[in-house]
1. Roughly what would the spin-label model give for Arg86 and His159, points 7 Å off Cα along C-beta, in nm?
2. By how many nm would the segment from Val25 to Ala177 grow when fully extended, if each residue of separation counts as 0.36 nm and the alpha-carbon distance is taken off?
3. Hey, what did the range 86-168 get for relative contact order, percent, Cα under 8 Å, at least 6 apart?
4. Pop a pseudo-label 7 angstrom from the Cα along the beta-carbon direction at both Thr53 and Val134 and give the gap in nm to one decimal.
Amino acid sequence: MSHSNTGHLHWDHRDGRVAAVVAAVVYSMWALEVVFPVGLGSDTGALADPASTFGRMLESAHRTAAILVVLAAGLGLALGAERPRRLLTISWWSMIVFGVASLASSLSPGRCVVSTDAACAVESVMEGVDGVSVVQPPLAVVATLAALVASAALTRDRHLAGERSWLVLALITAAQAVSAVVVLVLAAGLYLSAGDGSPGVALGLAERLHLVTVALWLLAVGLVPGHWKRRRGRLRAPERLS
C-alpha cells in the first residue's frame, strides 16, 4: 500500500505493518489441507507432495510471504521507531535474514513444500531424493533460528520500553522456542539415522506448531504499535508513476 500524493511512490510504516500481517496469514495457509481428501499427517498428503495443486500453491504463497517479510522488516528499519534500541535493530535484521533464507529455501529444488521445515529438508538429502539441493537444510535451519532471534529481540525491546504487549510476545517467543527445538531435534535425528525410509515427508505436529508460532510472531510484528512509531517524513522511491 504505497501512497502517491505528489506523483512519486511513498512508503510509510502502515505498509510494513500490512505486509507483516499478510505474511502471517500466508504462513497459516497450511491449515487449508483439511479441505483435501487425504487426512492430516499422511505421508502422501497434499503437504507431502510438492507436485500437488495445493503443494504448488502453498510453495508459491510462501515465496510471496518471504518477500513480504523482507519488505516489512526493511520498512521497519527505515520508518520504524525514531531512536531504535539495539535490540530492535537486531530484531529487524533477523527478520530480514528469516525472509531471505525462507525465500532461498523455497527456490531450492526439493520435495519440501514448507521452506522452514528443516526435518523434511534433512530427510530429503539423507534419502538421496533426485534433484534435492544440499543447501536447503542449512537454509531451513537458518530461517528457523533467525525467526526465533527476531521474536526474542522484539520481546525484550518491548519489555525495556515498558509496553504490556511484551507479555504476549514472550508467550509467542516461548512457544516458538519449544517448537523450533523440537523440529531441529527431529532434523538431527533424521540426519543421524539417514532418513526414516518413508515414501513421503509429512508435515508433523511439531512443524505445524512452529508455523503457528511464526505466524503469531509476524501478526504481533504488524499489530503491536510501539516499534512502528513513525519518523518525520516518508521514504520516497525513485520511480515515477505513469
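None of the figures in this text is laboratory data; all of them are computed from the coordinates on show. Note that the coordinates shown come from a computational prediction; the quantities given were computed from them, not determined experimentally. Because the Cβ atoms are built from the backbone with ideal geometry, glycine has one as well, and the counts that use them run over all protein chains shown.
1. 1.7 nm
2. Net length gain for the segment: 52.7 nm.
3. Once normalised by length, the contact order is 38 percent.
4. 3.8 nm
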